[in-house]
Amino acid sequence: MLMCELHNPGTFKNLFKGFYSMFDDVQIKCNNKGMNLEVLNRSRTVLCILNIGKNFFNMYSCEKEIILNVDIEELFKSLDSLYDDDRLIIKTQKGQLELIFEGIAKRTFKLKLEDKNYKPIKMPNIENDREKCELPFGLLNDGIIDADKLHQTVKLSLDSNYFKLDSKGGFLHMNVAYLHGEKIEGKYSSCFLTSYIIDCLKSNISDIVGLKIGKDAPLSIFFNSKHLSLEFMIAPRLG
């Protein structure tokens, strides 16, 4: 049985904001160390990896490993009703996941757990082909939203000095250049669908966002917080 409690659940709620548009359901593995999940989107072009350590919660108990197959739409509907100052209690009972929100009133949502078997996701070995940089979240988020107004794709580039974002639409060209201060050798660039990046950034949990960019290679967007890590990997748009 899983039983955990969180007194400031805003970050937990934000984690799943980007999931609703991309994923149908998720398999959450829970054990005595915490929770983790790996999930692919419908078109198998976006991979998400989430790890939540047990110390992220105010109270956490899961003596035996359990697997929760959860419908994302139903989970999102429930968490959307959660206030940041509520106390969140999560527990499993009789084939259901119970979400209890305690604030001015006590509200309980019960999600039926699905009976499904998932094949393990084979992780691509691409780390040697990409470079990492960190950016202010607002800079990347605003840049991608602006790029989406011009075209459905955006080019992300990284060299020894700058992270760059380029978008072209009709007679209009937009460029964002950010002096990153990282130690990077070589030049890297790839194109991606703006809609995927926008969805991933909805799950923001930090003022700083990390990127891994390669040459026509998948883009990684990752957030790190105390006892929490979240990474999205997006396939490049070729041609």
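Please treat every number below as a calculation from the coordinates, not as lab data. Keep in mind the model is a prediction, meaning the values are calculated, not measured. Every residue, glycine as well, gets a Cβ built from its backbone with ideal geometry; the counts of neighbours run over all protein chains shown.
Among 54, 94, a tally of other beta-carbon atoms within 10 Å of each Cβ gives an order, fewest to most, of 94, 54.
Taking a straight line from the alpha carbon of residue 116, these lysines sit under 16 Å away, with near neighbours fewer than eight places off in the same chain left out: 29. Labels on offer are (1) 1.24; (2) 1.00; (3) 1.09, and the one holding Cα Rg over 2.2 N^0.38 Å computed from this structure is (3).
Within the straight-line cut-off of under 19 Å between alpha carbons, the aspartates and glutamates reachable from residue 54 are 5, 38, 63, 65, 98, 231, sequence neighbours fewer than 8 places apart in one chain being disregarded. Of the two radii for the range 1-96, the radius of gyration is 0.94 times the Kirkwood radius, both from the alpha carbons; that is the Rg over Rh value. Across the range 130-212, Cα-Cα pairs farther apart than 20 Å form 29% of the total. Among the lysines, select those whose C-alpha is under 18 Å from the C-alpha of residue 149, and discard any that sit fewer than 8 residues away in the same chain. Filter leaves 164, 168, 202. Across the chain, the mean sequence separation of Cα contacts (distance under 8 Å, 6 or more residues apart), normalised by length, yields a relative contact order of 21 percent. Mind telling me which of 34, 103, 186 comes out most flexible in a GNM of the chain, alpha-carbon contacts under 10 Å? Of the options given, 186 has the highest mean-square fluctuation. Calculate the length of the line joining the C-alpha centroid of the range 194-235 to that of the range 43-58, in whole Å. The range 194-235 and the range 43-58 have Cα centres separated by 12 Å. The chymotrypsin sites (Phe, Trp or Tyr not before Pro) found in the range 132-195 that occupy coil by DSSP, while having at most 11 further C-beta atoms within 10 Å, are 171. In this rough spin-label picture, where each label sits 7 Å from Cα along the Cβ direction, the residue 106-residue 171 distance is 6.6 nm.
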